[in-house]
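Before any comments, here is the structure.
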Amino acid sequence: MDEGVKASAPRDAYEAKRGAIAILPLAFGASVYGLAFGFLAVQVGFPWWGVAIMSASTHAGSSQIIAVEQFASTGVVLGAVLAGASLNLRYVGIIASLSEVLAGLSLRKKLFAIHITGDENWALTMSERAKSPDVGAPFLIGSGLVNISMWTASTTLGALLGAALPDLGRFGLSFAFTAAFIAMARGLWRGRSQALPWTMAAAATMAVISLGMPKAYGIIVGAFFGLVVISLKRRIEAAA
């Protein structure tokens, strides 16, 4: 074995462990609405094992929630898939931002790291890298493994309990989804400079939905308008 690899192994293990510990508060928070997701998903027709497979293979809480809500309201599988996939488009940017973090890994390890990357461990990793550029793939992978494990466990537990208990929607548990999105949106807000693109994206989304079109289309159109406004805003600022 190469001496450099031997020397880096203890540090990589330490960074992975540090990432696993650092992600715990965020992972516990995600598990709360993961439990709610499992409850309601199984009660709209998803088997508990289907919820478990979806969580382990998709690992995108917001997209899973949107997909299940779309399926519950329309019963159309294609619409649910489109809704989830459209919300997951943000991962194109997330993966692009990890190019330096994943540099030097084999293709198999890169694909594995990308799969276990979620909003929480990505944000945590980038935050740590801002403090220390040495933070890299081991930290991302360590935090990602904990994150995906806790998400899958919480959604599966929620599904098992949801299958055994009466309709929990009447207790207002479904509001956990709305609350989760509000919390995520608040975490992404960076000040008044974002007000215009956010407003345009929201207006475009509501306009599409008000026309009776599928919610998935509203997400796509809203994201498109928001990106257009950001692009125009940056060009105007650069020309000024």
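Let's see how each residue does on (1) of a type outside the set (D, E, K, R); (2) at pLDDT below 85:
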site: Ala137; (1), (2): yes, no
site: Ala153; (1), (2): yes, no
site: Leu161; (1), (2): yes, no
site: Gly191; (1), (2): yes, yes
site: Leu196; (1), (2): yes, no
site: Met206; (1), (2): yes, no
site: Leu211; (1), (2): yes, no
site: Leu227; (1), (2): yes, yes
site: Glu237; (1), (2): no, yes
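Looking at Gly144, is it within 15 Å of the chain's Cα centre (by Cα) and buried (at least 24 other Cβ atoms within 10 Å of the Cβ)?
On the way: within 15 Å of the chain's Cα centre (by Cα): yes; buried (at least 24 other Cβ atoms within 10 Å of the Cβ): yes.
Considered against the rule, which asks whether it is within 15 Å of the chain's Cα centre (by Cα) and buried (at least 24 other Cβ atoms within 10 Å of the Cβ), Gly144 comes out as yes.
The values are calculated or read from the model by the stated rules, or taken from the named source; none is laboratory data. Here the structure is a predicted model, which means the values were calculated and not measured. Counting neighbours? That spans all protein chains shown, and the Cβs are built from the backbone with ideal geometry, glycine included.
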